Amino acid sequence: MPSPFGFLLSAEPPSRRTGAIVAVGAVALCTLILYPLQEIAPAVSLGVVYMLAVLVVSVLWGAGLGVATAVLSAAAFNFFHLPPVGRFTIRSSEDWVALIAFMVAAALASSVAEVTRARTRDAEERRREADLAAEMARLLLRGEDLTEALPTAAARLAQALQLSSAAIAMEAVEGDDRSVAFPLREGTRRLGTLLVGADASEQSLRRLQERVVPALEALLSAALEREELLGGVVETASLRRADVVKTALLRAVSHDLRSPLTAISAAGEAVGSDSLQDDERKEMADVIVEEARRLSRLVDNLLDLSRLEAGAAEPRREWMSVEEVLGAALGELGAGGGHASNDFALSIDRDLPLVRADSAQLERAFVNVLENARRHSAGHPVSVRARAVRPLAGEGGRLIVRVVDRGPGIPPAQLERVFEPFYRAGTAQTGHRGSGLGLAIARGFTEANGGELRAESLPEQGTTFVFELPLEASERDGS
């Protein structure tokens, strides 16, 4: 709770004009008060009443007005209350004692007030400096880039210290006719430079050198150390992630690449045998072709994943038909060039609008999802549906492709994990040893083209993979 006499400790005194008016008024008031008091005490002893006016003026306005008030009080006391009344005479010892007492009181009171005011001013300056240091710490030590925070911190410093200008540079800068430079150091290491306007007062420059610069050096050193630590953390995290990917990749290479190579090698040796029958030779040839395709798909997936991880999968967007891309994907999977087959059942809306995307990337995404769905559909046909959804009003819309299998489903906790590279779900039930890359690549290519890919599933009720591609206005589709 603030003191009711806090105005006496203000850092800056009120105006001297107000002090002169108060001094004259206070002396006049004390002169009037002494008339009724003369009935209960001798006039000579009542001079102490003027001491109140002298003390108040001295405390609030300093020694100058305090001494003037003391002289004015002595004159009023002598003229109005000390005999002979109505004349200025200082002949008796009482007159001299009163005047000297007033003077001494004024000097002491003004001195005490100046000391108190100086301490108040210093405390206020230190409070502002503490607030400034706290704000500078918030600006320099928060998450954003240090170089972006320096202009804001410098502007706040100039505002707090009432400087015409201030700037913080991260390099050594020399002062000139327009600025004064304060080197910022940590030991012998140069951290930067604080530049302030050359019109700053000597007192402000001394205050900067003694108080602000050391605090700024400590904060800047901590900010630079924090950036170095964050850089080390980010680098460590990147290295750790790279190590995880490398480990997973080595596992995939050691197993998924070795398996088809082993099968191809064994089948190749068998084909060269003279004792092999024609039907057996054909069977071995089919094994070689199938394992070569499997190996090719794995290599393609690894290359696609590396492009996505490196951010190099920039799509070449053109107007394309999703129906044609689905047909090409089904044809690659041996499903009759996109027509209904034992493995897939298509349901595509008529007059499906065109989408603007990279057809090769979407084909890779569809191939991976369709192959995954066929693998987990337990021999049942995989349903492929495509339709356009447009809002009732306004522009835009979505083209939705749903790939539905009738497999065992995916637990809710794994619906997002199935899109992680090298994560394999449900391999125990299907007996398939996949690389765990297909769905991650499918989502990567879909998102690169502005779309979304998600999984929906209920246990024992199959899984639905939903592609959502944005529709744009096109003269070719009539929208």
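Backbone phi angles across region 351-367, fed through the Karplus curve with coefficients 6.51, -1.76 and 1.60 (θ = phi - 60°), yield HN-Hα couplings of 6, 5, x, 6, 10, 9, 7, 8, 5, 5, 5, 5, 4, 4, 5, 5, 4 Hz in residue order; Gly and Pro are listed as x. With Cα atoms defining each centre, region 28-88 and region 131-188 are spaced 55 Å apart in the structure. Accessible surface of D176 in the full protein assembly, 1.4 angstrom probe, to the nearest 10 Å²? In the full protein context, D176 sits at about 80 Å².
Other residues lying with their Cβ under 13 Å from the Cβ of G379 contribute a combined charge of +1, Lys and Arg counting +1, Asp and Glu -1.
The values are calculated or read from the model by the stated rules, or taken from the named source; none is laboratory data. Computed from a predicted structure; not experimentally measured. Positions of Cβ are generated from backbone atoms using ideal geometry, with glycine treated the same way; all protein chains shown enter the neighbour counts. Only protein heavy atoms, including side chains, enter the accessible area calculation; ligands, DNA and RNA are left aside. Shrake-Rupley method; radii C 1.70, N 1.55, O 1.52, S 1.80 Å.
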